[in-house]
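Written out below as structure tokens is the structure these notes cover.
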Amino acid sequence: MPDIIRYSSNVGAGKIGLELGAPLYHSYLEKVGFGQRTGLPIIGESTGILRNPKQWAEVDLITASFGQSFSATALQMAEAYLCLASGGIKRPLKLVKGYHAEEMQEKRVFTLEASVAVLSMLYGVVEEDGTGKRARIPGISVGGKTGTAQKAQAKGGYGAG
């Protein structure tokens with residue numbers, strides 16, 4: 001698993017998705033906040049796109065496992081990383097000091113052990129010989145995850161980002 005994350009293996013991620021199955025994988029995506037607004041007072045915040053797992057074909061599960069077949073906003077990504085950094089506990093995002101959203105109950109999404117393991121893998125992406133080594137900052141421990149984006153091409157279709 002660490003090498004799948006460190007070297008950004010789509011094949012490895014897809015195999016893990018198949019092992020988990022669509023209902024379980026989708027439930028974790030929902031638990032960390034994908035497919036819903038974050039609750040921040042931001043006009044026009046998108047829910048992103050997260051289709052019902054009953055609508056997923058096997059290829060949707062595989063591609064969702066490496067970050068395609070659904071869309072997420074930057075705020076949703078921040079919320080998901082906050083959950084990992086908080087030891088697996090989902091907490092509401094706060095953007096302004098002193099801002100008090102309606103009280104949201106914290107809820108455990110992942111075990112502390114799972115969160116620590118994932119964070120260790122994310123450090124391996126940057127701090128070791130992973131695909132994100134160019135993001136290293138001397139004197140600061142940095143973790144991350146690279147991805148391969150597809151961008152719309154001027155003449156139609158998609159290509160590598």
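The values are calculated or read from the model by the stated rules, or taken from the named source; none is laboratory data. Predicted, not measured: the structure shown is a model, and the values here were computed from it. Because the Cβ atoms are built from the backbone with ideal geometry, glycine has one as well, and the counts that use them run over all protein chains shown. Ligands, DNA and RNA are stripped out before the accessible areas are found, and what is left, the full protein with its side chains, is counted by its heavy atoms. Shrake-Rupley method; radii C 1.70, N 1.55, O 1.52, S 1.80 Å.
Remarks
- Residue ID - nearest to Asn52 (Cα to Cα), chosen from residues in segment 12-26 that are crowded, with 18+ Cβ neighbours inside 10 Å and among the hydrophobic types (A, V, I, L, M, F, W, C): Ala22
- Ser9 vs. criteria surrounded by fewer than 17 Cβ atoms within 10 Å (Cβ to Cβ), within 20 Å of Leu119 (Cα to Cα) and more than 14 Å from the chain's Cα centre (by Cα): yes
- Ser141 vs. criteria without any contact (Cβ under 8 Å) to a residue 60 or more places away in the chain, open to solvent by 80 Å² or more (accessible area, probe 1.4 Å) and either touching a helix residue (DSSP H, G or I) at 6+ places or on another chain (Cβ under 8 Å) or within 18 Å of Arg6 (Cα to Cα) (or both): yes
- Residue tally, condition in contact with a helix residue (DSSP H, G or I) (Cβ under 7 Å, 6 or more places away or on another chain), aromatic (Phe, Trp, Tyr) and closer than 20 Å to Pro92 by Cα, over segment 2-51: 1
- The number of residues in segment 27-71 that are among the hydrophobic types (A, V, I, L, M, F, W, C), assigned to a helix (DSSP H, G or I) and open to solvent by 60 Å² or more (accessible area, probe 1.4 Å) comes to 1.
- Count - residues of segment 108-127 that are open to solvent by less than 90 Å² (accessible area, probe 1.4 Å) and either modelled with pLDDT under 90 or not aliphatic (A, V, I, L, M) (or both): 6
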